[in-house]
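Data first, discussion second: the structure below is written as structure tokens.
The values are calculated or read from the model by the stated rules, or taken from the named source; none is laboratory data. Just so you know, these numbers come straight off a predicted model, no measurement behind them. In this analysis, Cβ positions are derived from the backbone assuming ideal geometry, glycine residues included, and neighbour counts consider all displayed protein chains.
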């Protein structure tokens, strides 16, 4: 009901029809791969060698490190279709404690200057966070930017206070048909976000594009008072993780479909460097380097893992380190099966990797 109400308010009855058609196509695709077998989740929460799982999360798809370097903010993903709620959580590295930071349905007042005046209010109960980024606003506040699929397709803006509270401050509604994945802050108070494909077209055109290796989406840029524009040169096959250089001149864009990470000049769209990385997911800054999670399994298996409700997805993955100038790559960790597979984000803190997943009940801590 939350999704249907939001669709009527932001796109009309036709979007409900497309949503249902897309869901039906997804079911057909799953049925077509039924002969490939199911996925047995990892249920045991015991360490394996230097890899230690931390259970008690829901799909910790993306991560950011708070100032002080001892607390992670975790995007606990619900679903792409917004039919399963998620939340934001905090993870204390020293104590190992997970605490709830934010969930949808809370009352809050709009704060002038954050987001857009057209924002209809706080995220509804169905709030389903996806990609996120943490950055200082030009005015000094610590801002958390979050892609949301629940109740509405939106970019939600939060302030992380000095006391560690996560408080909603506003939102931005992307262009109709947008299907976002990740977001990154610009130094001037704007942002960029990866748009995977046109949601209103449904999954059939997407399936054809995937079969033919075509571009399906691009990066969007937003500035207060100016709205959205397409970042030149950013067309890609299933754009996924996105990051910005410290000076804001370059963006780093992952293309999951074509297995590329590209560094693009934001102003001209000129490609400055590229790297081959299999099915790159999220990208994170970590001590001046870029860490990219690489999923290494066929799409039908990834789709199967999206259905899991207990345990963790066992699919193979790797964490790849990239030089931010040349995009030269170095694999620093690979995992499969127990204690956790399907890594989608990584941050290194004090010589230890913290890895999240889109389908699982745990984070992974890996001693290096």
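What to note about this one:
- Here residue 240 meets the list (1) part of a strand (DSSP E or B); (2) closer than 26 Å to residue 116 by Cα; (3) free of Cβ contacts under 8 Å to residues at least 40 places away in the same chain almost entirely, failing just condition (3).
- Meets criteria (touching a residue at least 60 places away in the same chain (Cβ under 8 Å), surrounded by 15 or more Cβ atoms within 10 Å (Cβ to Cβ) and not in a loop (DSSP other than H, G, I, E, B)) for residue 81: no
- Residue in the range 279-292 that is modelled with pLDDT of 95 or more, touching a strand residue (DSSP E or B) at 6+ places or on another chain (Cβ under 8 Å), at positive phi and buried (at least 21 other Cβ atoms within 10 Å of the Cβ) present: yes
- Unmet criterion (only one of (1) closer than 16 Å to residue 76 by Cβ; (2) modelled with pLDDT under 95) for residue 102: (2)
- The set of residues in the range 208-221 being surrounded by fewer than 21 Cβ atoms within 10 Å (Cβ to Cβ) and either in contact with a helix residue (DSSP H, G or I) (Cβ under 7 Å, 6 or more places away or on another chain) or modelled with pLDDT of 95 or more (or both) consists of 218, 221.
- Residue that is surrounded by the most Cβ atoms within 10 Å (Cβ to Cβ) [pool: residues in the range 182-198 that are in contact (Cβ under 8 Å) with a residue 24 or more places away in the chain and in a loop (DSSP other than H, G, I, E, B)]: 197
Conditions tested, residue by residue: (1) part of a loop (DSSP other than H, G, I, E, B); (2) over 17 Å from residue 74 (Cβ atoms); (3) touching a helix residue (DSSP H, G or I) at 6+ places or on another chain (Cβ under 6 Å).
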position: 118; (1), (2), (3): yes, yes, no
position: 123; (1), (2), (3): yes, no, no
position: 127; (1), (2), (3): yes, no, no
position: 134; (1), (2), (3): no, no, no
position: 171; (1), (2), (3): no, yes, no
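- Exclusive hit being modelled with pLDDT of 95 or more and within 20 Å of residue 76 (Cα to Cα), set 192, 166: 166
- Residue check for residue 258: surrounded by fewer than 20 Cβ atoms within 10 Å (Cβ to Cβ), under 23 Å from residue 133 (Cα atoms) and touching a strand residue (DSSP E or B) at 6+ places or on another chain (Cβ under 8 Å): no
- Per-region count, the range 130-156, residues closer than 15 Å to residue 184 by Cβ and within 15 Å of the chain's Cα centre (by Cα): 11
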